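Here is the structure we will look at.
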Amino acid sequence: MKKLYLNTGGFDAIFNDLKDSFDGELSIDSNNEYKLIIKSKWARGTISGVCFDDRMIHMNFDLTLNHDVMLSIESFRSLPVFFLHCDNGNLIHSFGANGDKKSIKKDQTGILSNTSVINNVLYFESHKRIQFSLIGMPTKAYDDQSLEVITQLKRKFTRASGRYIYVGAESLKISKKWQELKTLPQQGIVRNLLQKIILNDIIELEIVQHSYSYLETFDPIINLANKQIIGIKRISNMSLSEVIYAAGLASRHYLPRIFKEKYHLSYKPFNQKLAS
């Protein structure tokens, strides 16, 4: 396994470290967008990114590595909260080389923060394409306008231990925003402004989604429905789908559709809990 270490100084230093680590070619356009093209013995692909005036960063990774790679990343000075979106492959994270590993898979979202002295570690499997994007939002306010969002970020996504990670299914609204970001046709200053608007939208949607404990909210409903279904199954040979049909829900797609429309969340995790 190839071990790489990323010292997190400024945004320019990050890309130059990546350039040296992967032996790539780095270019920076007039809007300060970075693009690293990699065609080396270590990997093939691209890493691109931009850093905005308020220190928020956005990076895209599209890589196929020729070796298993462990990338150890020092804590950022701005102590950001990271929002990750996986388009393809399997992204693995741990706090430190010996920490528990969490896997972020295709169409999943990950949120992490780390204010401890322990590095973030990312693992990449060889000969498997990985595509993911991340937003890094600082938790140090640089102006009054960002203070409210940063206060909420710290409340929702930081812990006294200094380490926080969440991995789960992505809401439909957030998924659409990531797709919108990826397919922006505009260039130049307009592109830069639209990127920033969409990135802020994603952060606000994540804050809203994590402002409520959906599992706790639906536990009583799930438990009640579960008791009723168990009762019906106990006195009959009906399958779960037949029980639901008998309850008046003619289509098995009815509950998932209503659930997604109302709460903008996937019904699958709750359905799995009910079925179990």
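Here are a few things to note about the model shown:
- Cα centroid separation - the range 79-133 against the range 1-54, whole Å: 17 Å
- Take the Cβ atoms of Ala97 and Asp29, set R0 to 35 Å, and the FRET efficiency comes out at 0.45.
- Shape call, the range 2-209: gyration tensor on alpha carbons, a/c limit 1.5: rounded
- Here is the list for the range 5-104: trypsin sites (Lys or Arg not before Pro) lying in DSSP coil, each with at most 13 other C-beta atoms within 10 angstrom of its C-beta, are Lys41, Arg77, Lys101.
- Once the C-beta distance of Asn88 and Thr151 is scaled by a Förster radius of 41 Å, the resulting FRET efficiency is 0.75 to the nearest 0.05.
- Modelled spin labels at Asn66 and Glu180, positioned 7 Å past Cα toward Cβ, are 4.1 nm from each other.
- Charge context of Tyr5, other residues only, Cβ under 15 angstrom, K/R +1, D/E -1: 0
- Full extension of the segment from Ser211 to Ala13, taken as 0.36 nm per residue of separation minus the current Cα-Cα distance, would add 67.8 nm.
- Pair Ser40, Arg129: separation of 7 Å Cα→Cβ label points (nm): 2.2 nm
Bear in mind these aren't lab numbers, they're just calculated from the coordinates by the rules spelled out. Values in this document were obtained by computation on a predicted structure and should not be read as measured data. Cβ: placed from backbone, ideal geometry, glycine included. Neighbour counts: every protein chain shown.
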